[in-house]
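Each value in this text was obtained by applying a stated rule to the coordinates, not by laboratory testing. Every value quoted in this text rests on a predicted model; they were computed, and no experiment measured them. Here Cβ is always computed from backbone atoms with ideal geometry, including for glycine, and neighbour counts include all displayed protein chains.
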Amino acid sequence: MLTEDHKLQRVEISQRLLQRCQQDNGDEDTTHIGVGPGGDFQANSNLFDNLITGDETWIHLNTPETKRDSMTWKHPSSPVTKKFQVQRSAAKVMAIVFWDAKGLIFLVILPQGQCINAARYCSTLDRLKEAIRRKRPGLLRRGVVLQHDNANPHSANLTQQ
């Protein structure tokens, strides 16, 4: 739960970010952000044009049987087949995803049993740069703001360099 100090801190940070955005655009009116008449989110500035978000997730590799797949022919007097609860498979792979306001930019699925570390994340960022160059021409020239969480591979010294 947020304390009053935390709430005030968030408001102050938000105000500073809006002021920074206004200075970058040179016009106060172009940074209006709000909900439009149809309930759609609208931003009249390029606040999100340079923002790329990245995240990792586990993908479980299981193929549960459908009800139709588990049907079997049996005689009416034969005992009822016992069905077991389907559990997630122990096999899983890690996916690393990067996207922006326009959609998916880059997706990496690591081999089974491997997870992200600082060196692998750095090489992924290099490959992301090439994907941005291909899919969003001109974005690298304008500057990219990369948003990701503070997981160890993201905040490691190697990654920051």
### Message
Less than 15 Å Cβ to Cβ from residue 110, Lys/Arg counted +1 and Asp/Glu -1: what total charge do the surrounding residues give?
### Response
+1
### Separation in nanometres of the label points that stand 7 Å from Cα toward Cβ, at residue 11 and residue 133
4.7 nm
#### Entry: Stokes-Einstein D for the stretch 104-152, Kirkwood Rh over Cα pairs, 20 °C, 1.002 mPa s (µm²/s)
174 µm²/s
